[in-house]
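Data block below; observations after.
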Amino acid sequence: MEPQAIIDAVKDSSIRGRGGAGFPTGMKWSFMSPPDGGPRYLVVNADESEPGTCKDVPLMMANPHALIEGVIISSYAIGCEHAFIYLRGEVVHVYRRLLRAVEEARAAGYLGTNVGGKGVTVDITVHAGAGAYICGEETALLDSLEGRRGQPRLKPPFPGAAGLYARPTSVNNVESIASVPGIILEGADWFKGMGTEKSTGFGIFSLSGHVAHPGQFEAPLGITMRELIDLAGGMRGGRRLKFWTPGGSSTPIFTEEHLDVPLDFDSVAAAGSMLGTRALQVFDETVSVVRAVARWTDFYAHESCGKCTPCREGTWWLRQIMNRIENGQGTQDDIDKLVDICDNILGRSFCALGDAATSPITSAVQYFREEFEAGMHTPAHELFPPEKSVLF
Ligand code: NAD
Ligand code: SF4
């Protein structure tokens, strides 16, 4: 196939990016600046770090060659001769597996200067990051890959115009690229035959928390949480669901009333949250929502890169107030102050991390305000003793 035919097939499949934002993959490729004889890059974002997300790591462990085959085909399509896989630094076992798989592909003639005997050049460098959540943001990732401190860049220019080493670059998630061989082999209609009209195909849903059998479930987009909990053997110990995240902690939480929302990009957005990374964390009735949200807030305050004031200062303040409420030492105006600080972070931060820090707080206040009010006099560990959440 000619490169353009591959881009057209991926466009026709309507696959949307699997890293969380759901930007159409084929469109991202076609937005790259036209070839000018200089280098162009494909960078696979394997810096999976969103709390609760565990889909790319199992995919790379189970079948690293699905990703490598995707990288080869995608690189050929966009005119890239040197692709990078930027991997989360802590997952050393995945790093070893990818290095080995790249060597196997090279030995079999699928990488190098004459791929498949067709005179095509494609090589892959696997790079392990140093464990900063912000390096999953595509432009911070590019800075980190260039050897700088990982902090987001101003967009535009988007990476398609000026990315790695200021050259046209496509940054795509592991699962998006690993889906490309299937689309090319089986055709765009096969892919579109699954999922919904605007969220085509399938994806990996990672279920964790209080279900009988947590794990990864590959399913068409549009499946519901009720169906997924059934696939996971139901709630652990027959307990009742209290709240859950549709796409990791960066997305507003859902409750029992959202169990039948189709898990596709548009339906989840219409219900007030985001599909994100399909990191479905399940919390039962024994869990303090205040304590869960306080841990996430600690995480965002720790991972804020410090570049912009609303996020750097705001997450620090959110953390102080959340910890006060968790310890039963909240004050009368703490809830209003929390919501006010969130309002001042949302939409005023340089990248998505600042906005993300506010989502669990504002949605938890919306659904469980009484638990926050209780935090003015009673510590969360007295209302919800942690030992009662544990079931073995
Ligand atoms: P975004 O919507 O700004 O961008 C998504 C992608 O589309 C980017 O690659 C961007 O370059 C491209 N894009 C957007 N507009 C474009 C345009 N006009 N022209 C060309 N390209 C364009 O989202 P983001 O800030 O990159 O990512 C936020 C998402 O990341 C969240 O939805 C969250 O779910 C996800 N996330 C994932 C993880 C993880 O571990 N996988 C961690 C944190 C967050
Ligand atoms: Fe850094 Fe937070 Fe600003 Fe993003 S929003 S640039 S993580 S300080």
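Considering every residue within region 174-197, establish whether at least one is touching a helix residue (DSSP H, G or I) at 6+ places or on another chain (Cβ under 8 Å), surrounded by 24 or more Cβ atoms within 10 Å (Cβ to Cβ), free of Cβ contacts under 8 Å to residues at least 60 places away in the same chain and closer than 27 Å to E138 by Cα. No, region 174-197 has no match at all. Counting only helices (runs of 4 or more DSSP H) that sit wholly inside region 239-357, those with at least 3 residues that are away from ligand 1 (no atom under 16 Å from the Cβ) and of a type in the set (A, V, I, L, M, F, W, C) are 289-303, 309-326, 334-345.
In region 102-109 there is no residue that is charged (D, E, K, R) and within 22 Å of T25 (Cβ to Cβ). For the criterion of being of a type in the set (S, T, Y), more than 16 Å from ligand 2 (Cβ to nearest atom) and buried (at least 16 other Cβ atoms within 10 Å of the Cβ), S273 passes.
Could you tell me whether any residue of region 252-265 is under 16 Å from C54 (Cβ atoms) and buried (at least 19 other Cβ atoms within 10 Å of the Cβ)? No, because not a single residue in region 252-265 is under 16 Å from C54 (Cβ atoms) and buried (at least 19 other Cβ atoms within 10 Å of the Cβ).
Residues in region 228-238 that are open to solvent by less than 10 Å² (accessible area, probe 1.4 Å) and in a helix (DSSP H, G or I): 1 in all. Within region 122-156, the set of residues being away from ligand 1 (no atom under 16 Å from the Cβ) and without any contact (Cβ under 8 Å) to a residue 24 or more places away in the chain comprises E146, G147, R148, R149. Of the residues D333, D355, D343, the single one that is charged (D, E, K, R), away from ligand 2 (no atom under 16 Å from the Cβ), modelled with pLDDT of 95 or more and surrounded by fewer than 21 Cβ atoms within 10 Å (Cβ to Cβ) is D333. Among residues of region 122-147 being under 17 Å from C308 (Cβ atoms) and assigned to a loop (DSSP other than H, G, I, E, B), the one that is nearest to ligand 2 (Cβ to nearest atom) is E137.
The values are calculated or read from the model by the stated rules, or taken from the named source; none is laboratory data. Quantities reported herein were computed from a predicted structural model and do not represent experimental measurements. Note that we place each Cβ from the backbone using ideal geometry, even for glycine, and neighbour counts take in every protein chain shown. These accessible areas exclude ligands, DNA and RNA; they are computed on the full protein's heavy atoms, side chains included. Shrake-Rupley method; radii C 1.70, N 1.55, O 1.52, S 1.80 Å.
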